[in-house]
1. With respect to Gly265, is the statement that it is modelled with pLDDT of 95 or more and more than 12 Å from the ligand (Cβ to nearest atom) true?
2. Please state which of the following conditions Thr302 fails to meet, knowing it meets all the rest: (1) in contact (Cβ under 8 Å) with a residue 40 or more places away in the chain; (2) among the β-branched types (Val, Ile, Thr); (3) surrounded by fewer than 18 Cβ atoms within 10 Å (Cβ to Cβ).
3. Name the single residue that is surrounded by the most Cβ atoms within 10 Å (Cβ to Cβ) among those in the stretch 219-234 being within 16 Å of the ligand (Cβ to nearest atom) and not in a helix (DSSP H, G or I).
4. Which numbered condition in (1) away from the ligand (no atom under 14 Å from the Cβ); (2) of a type outside the set (Ser, Thr, Tyr); (3) in contact with a Lys or Arg (Cβ under 9 Å, 6 or more places away or on another chain); (4) in a loop (DSSP other than H, G, I, E, B) is the only one that Gln253 fails?
5. In the stretch 113-146, what residues are in contact (Cβ under 8 Å) with a residue 60 or more places away in the chain, near the ligand (Cβ under 9 Å from one of its atoms) and either aliphatic (A, V, I, L, M) or in a helix (DSSP H, G or I) (or both)?
6. Please return the ranges of helices (runs of 4 or more DSSP H) entirely within the stretch 408-486 where 2 or more residues are without any contact (Cβ under 8 Å) to a residue 12 or more places away in the chain.
7. Kindly provide the set of residues from the stretch 50-68 that are assigned to a loop (DSSP other than H, G, I, E, B) and surrounded by 14 or more Cβ atoms within 10 Å (Cβ to Cβ), ordered by number.
8. Only one of these is of a type in the set (A, V, I, L, M), touching a His at 6+ places or on another chain (Cβ under 8 Å), outside any loop (DSSP other than H, G, I, E, B) and more than 13 Å from the ligand (Cβ to nearest atom): Val237, Val188. Name it.
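The values are calculated or read from the model by the stated rules, or taken from the named source; none is laboratory data. These numbers were taken from a predicted model, which means no experiment stands behind them. Here the Cβ positions follow ideal geometry from the backbone for every residue, glycine too, while neighbour counts run over all protein chains shown.
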Amino acid sequence: MKYVSTRGQAPTVTASQAILNGIAPDGGLYVPEKWPEITLDWSALKTQTYADLATLIFDAFFDDFSVSEIDCIIEKAYGKQWQRDNVVSFHKENNLTYLELFHGPTLAFKDVALQALPHLMTAAAKKQATSDKIIILTATSGDTGTAAMSGFGDVPQTEIVVFYPEEGVSAIQKQQMQTESADNAHVVAITGNFDDAQKAVKTLLADDNLAQDLKAKGLKFSSANSINIGRLVPQIVYYIYAYAQMIKAGEIQAGDDINVVVPTGNFGNVLAAYYASQIGLPVKQFVVASNENNVLTDFFETGIYNRKRDFKVTNAPAMDILVSSNLERLLYFASGQNGDEIQTYMTELLEKGEYVVNADTRANLSKFVAKFATQTQVSDTIKKIADTTNYTIDPHTAVGRYVYEQTGVTGPTLIAATASPYKFAETVLQAFNMATDSGQAALNRLSEVTGTDIPVQIATLFNQPIRHKKLIDSKEILATLQHEIF
Ligand SMILES: N[C@@H](CCOP(=O)(O)O)C(=O)O
């Protein structure tokens with residue numbers, strides 16, 4: 001299977017090249033040229049393990065990797081580092097099934113892909129016979145950075161560099177990043193917001209002259225963000241696995257439609273659900289849940305994408321994003337794979353800060369419904385769900401839970417529970433109207449109040465020394481890389 005750029009101006013590549021490049025040279029994102037043909041035999045799938053399903057999906061999408069390479073990658077990615085035998089787990093609330101994606105090393109859904117990506121990347125480098133050192137550039141609003149370092153930490157032939165907004169992550173997320181101990185990890189706070197970091201990183205990744213200079217030094221950039229197709233494909237797996245498990249539990253029959261609710265920032269997670277639907281997952285509605293940075297809500301309601309608005313730092317910080325990269329991939333398919341149309345939208349977004357999607361393309365988005373939650377609604381939802389069902393959710397999952405109710409979708413529904421409440425202990429305690437403890441005290445208090453254990457992954461987080469304190473302006477990203485790495 002081949003991969004093409006959403007902007008239609010870059011050469012077609014194999015899966016391993018797409019993973020290694022991270023982004024296409026025309027600034028577009030790699031997408032499959034056509035959907036792989038997979039038979040989803042639910043009666044067989046419902047008895048299979050998470051690793052079995054991951055193997056099926058990886059084999060189909062990454063078809064220039066050998067069966068034994070994929071087996072080896074899956075074995076390393078979905079082993080003992082997970083607190084659940086099958087990577088994810090489920091929590092039921094009537095018709096709603098929470099798909100808990102946060103039982104990995106850094107307590108967020110990003111781990112699912114980022115435990116696999118480093119192994120995909122090194123196998124891809126071998127396949128492409130490159131001995132270049134791969135510098136993984138990562139922009140983060142809190143979760144991707146730590147997950148990327150957990151995956152890439154001390155992986156030979158790689159350096160991992162993470163840029164996060166100084167004022168835009170939770171205390172626990174910041175502590176996780178600043179205490180990272182891997183020798184190949186570089187963590188840099190920026191004075192701007194996530195969009196500033198992501199824009200700088202995407203510009204560097206698509207800079208051909210810079211790529212030539214790096215090549216001469218035996219270096220190559222790639223990405224750990226969801227702009228990398230190697231981040232998206234592993235996320236398809238959990239939607240397929242969840243559906244199979246819902247059949248096994250007798251909640252649905254094979255072929256029944258479900259709704260999928262996804263708290264959304266960079267649009268990667270909901271796009272993975274859409275990709276799953278393109279290979280056979282029966283989905284009635286995709287519910288796109290945003291926080292007060294509600295650019296996607298407006299887009300799906302009006303067909304106008306307008307980033308010209310205040311950037312809000314909210315209590316669901318991982319979703320504080322106004323330029324939602326992966327929407328480009330959805331529009332590519334909605335436009336009938338029209339690279340020129342996508343190029344026009346992206347140029348308008350860059351130059352004017354907005355674009356209006358054409359009527360035919362918009363008509364192909366009818367399965368998407370979008371709404372948003374304010375910070376107060378997030379807090380109220382955390383409290384309401386805890387009070388009424390004795391289940392503690394994190395602020396991002398709360399965005400999804402609030403929006404689920406507002407959209408009024410009916411029937412069996414899967415909601416992506418994207419992070420552990422412990423990652424946002426302060427916000428959860430505030431929602432419970434508890435005194436505002438912070439750091440370790442907040443973790444202890446949340447454990448007492450909920451009667452749950454502090455996840456082992458962060459139990460000693462606040463005993464670790466701070467190793468990364470660099471703070472720069474986002475305009476200094478290239479200079480910082482030159483100083484730190486090349
Ligand atoms: N929510 C993310 C922002 C980056 O998104 P990604 O999925 O493209 O890596 C974060 O927490 O860093």
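1. No: the conditions fail for Gly265.
2. Thr302 satisfies all of (1) in contact (Cβ under 8 Å) with a residue 40 or more places away in the chain; (2) among the β-branched types (Val, Ile, Thr); (3) surrounded by fewer than 18 Cβ atoms within 10 Å (Cβ to Cβ) except (1).
3. To start, the set of residues in the stretch 219-234 that are within 16 Å of the ligand (Cβ to nearest atom) comprises 221-234.
Still in the running and not in a helix (DSSP H, G or I): 221-228.
On the way: Phe221: 23, Ser222: 23, Ser223: 26, Ala224: 32, Asn225: 26, Ser226: 24, Ile227: 25, Asn228: 27.
Per the stated criteria, the residue is Ala224.
4. Condition not satisfied by Gln253: (3).
5. Selection gives Ala113, Leu114, Ala139, Asp143, Thr144.
6. Details: elements: 425-431, 439-450, 477-484.
Because the criterion is at least 2 residues that are without any contact (Cβ under 8 Å) to a residue 12 or more places away in the chain, the helices (runs of 4 or more DSSP H) in the stretch 408-486 that meet it are 439-450, 477-484.
7. Taking the stretch 50-68 as the starting set, the residues that turn out to be assigned to a loop (DSSP other than H, G, I, E, B) are 62-66.
Answer for the stretch 50-68, where residues must be assigned to a loop (DSSP other than H, G, I, E, B) and surrounded by 14 or more Cβ atoms within 10 Å (Cβ to Cβ): Phe62, Asp63, Asp64, Phe65.
8. None of the other options fit; the residue is Val188.
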